[in-house]
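Asks: Dropping a structure here in structure tokens format, bear with me for questions.
The values are calculated or read from the model by the stated rules, or taken from the named source; none is laboratory data. In this text, all values refer to a predicted model and were calculated from it rather than measured experimentally. Positions of Cβ are backbone-derived with ideal geometry, glycine not excepted, and every protein chain shown enters the neighbour counts.
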Ligand SMILES: CCCCCCCC/C=C\C=C\CC(=O)SCCNC(=O)CCNC(=O)[C@H](O)C(C)(C)COP(=O)(O)OP(=O)(O)OC[C@H]1O[C@@H](n2cnc3c(N)ncnc32)[C@H](O)[C@@H]1OP(=O)(O)O
């Protein structure tokens, strides 16, 4: 698999650009001359499947630039008529630790706003994409990381890691769009309500039993094979109908989000700037450091 991005459809799949064209491609689409910093993107021209690898050590914590980069890659892949996307991590321990809490601590309101708007945009982009999406969860994934996994259509996880949405544990209400995303995977409302109010974190094996993930894979290599098999199981001729059907399932959640986008931002800004939340955030960050 070469580290390249596609441009035009070819034989119903993708036509590849040279790696050297990547920066120009991004510059054209985003107005920024900087090439991807926190991700690597590779595309298999035979299968038309892209692999986007999260690479922001040590924890793939999400800041605005990182989230913008992931969202832009998805948009570019959509334009290239790519077939499917596998999201994975370059780390052997952490898929994604959620929002970068260091950037949420004692930050300016404008910075916090940028983070939340980027999170909203990333969710909207991933949840609504016509691409066939698979999260290959090769490490812990919590909070915003759980969002990435749950917004994808299929989840393959490696053993002995953690997955869940722990917002209430860190002092914040789960936004409605994330509740809807969770319900799309765990439709049992009682279980979903319990999980999200209790910040329940599942180990891989239990997550499989609960239906939070679809498969376990013994290794990243095996997970990649399974992800390719899942995406390839959709015949080429069905891709448009498939995408419309996916959209219809998700349309109500997307509309609810659009109707409440501003309100959702205001709730976050108001909560995150409260002195008690900031003080707890400081302690939480210390506890993460002490662990190391
Ligand atoms: C906290 C109270 C106030 C509320 C603020 C919330 C702000 C956001 C508002 C709304 C919600 C949005 C959704 C979110 O995403 S909130 C993010 C919540 N995330 C977490 O609670 C995850 C915290 N991390 C962990 O639980 C673990 O790190 C884990 C992911 C399970 C991995 O464990 P392990 O493999 O043992 O690795 P370490 O804990 O040693 O971590 C390695 C280094 O990474 C740093 N780290 C980890 N998580 C974050 C993070 N979210 N942001 C920034 N940095 C993070 C950690 O400090 C280690 O760094 P170092 O090696 O320099 O010590």
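Asks: What number of residues within region 173-185 satisfy the criterion of being assigned to a loop (DSSP other than H, G, I, E, B) and surrounded by fewer than 18 Cβ atoms within 10 Å (Cβ to Cβ)?
Replies: 1
Asks: A further question follows. Out of the residues in region 84-93 that are surrounded by 23 or more Cβ atoms within 10 Å (Cβ to Cβ) and more than 10 Å from the chain's Cα centre (by Cα), state the one that is nearest to residue 236 (Cα to Cα).
Replies: 84
Asks: Regarding region 96-115, can at least one residue be identified that is within 16 Å of the ligand (Cβ to nearest atom), over 24 Å from residue 283 (Cα atoms), in contact with a strand residue (DSSP E or B) (Cβ under 6 Å, 6 or more places away or on another chain) and touching a residue at least 12 places away in the same chain (Cβ under 8 Å)?
Replies: No; the residues of region 96-115 include none that is within 16 Å of the ligand (Cβ to nearest atom), over 24 Å from residue 283 (Cα atoms), in contact with a strand residue (DSSP E or B) (Cβ under 6 Å, 6 or more places away or on another chain) and touching a residue at least 12 places away in the same chain (Cβ under 8 Å).
Asks: When you scan region 151-165, how many residues do you find that are touching a residue at least 60 places away in the same chain (Cβ under 8 Å) and either within 18 Å of residue 231 (Cβ to Cβ) or near the ligand (Cβ under 8 Å from one of its atoms) (or both)?
Replies: 6
Asks: Suppose we filter region 58-68 for residues that are under 13 Å from residue 148 (Cβ atoms) and either away from the ligand (no atom under 13 Å from the Cβ) or in contact with a helix residue (DSSP H, G or I) (Cβ under 6 Å, 6 or more places away or on another chain) (or both); how many remain?
Replies: Looking only at that region, the number is 2.
Asks: A further question on this structure: Please specify each residue of region 116-145 satisfying the condition of being more than 14 Å from the ligand (Cβ to nearest atom) and within 14 Å of residue 52 (Cα to Cα).
Replies: Selection gives 126, 131, 132, 133, 134, 135, 136.
Asks: Please indicate, with yes or no, whether at least one residue in region 177-199 is in contact (Cβ under 8 Å) with a residue 24 or more places away in the chain and more than 25 Å from residue 124 (Cβ to Cβ).
Replies: yes
Asks: Hey, another quick one. Give the residue that is nearest to residue 220 (Cα to Cα), with candidates limited to residues of region 141-160 that are surrounded by fewer than 23 Cβ atoms within 10 Å (Cβ to Cβ) and more than 13 Å from the chain's Cα centre (by Cα).
Replies: Result: 158.
Asks: Just checking: which of the helices (runs of 4 or more DSSP H) contained wholly in region 210-292 hold 2 or more residues that are within 21 Å of the chain's Cα centre (by Cα), crowded, with 16+ Cβ neighbours inside 10 Å and within 13 Å of the ligand (Cβ to nearest atom)?
Replies: It comes to 239-272.
Asks: So, one more: Looking only at residues that are in contact with a strand residue (DSSP E or B) (Cβ under 7 Å, 6 or more places away or on another chain) and over 20 Å from residue 226 (Cβ atoms) in region 42-57, which one is modelled with the highest pLDDT?
Replies: 55
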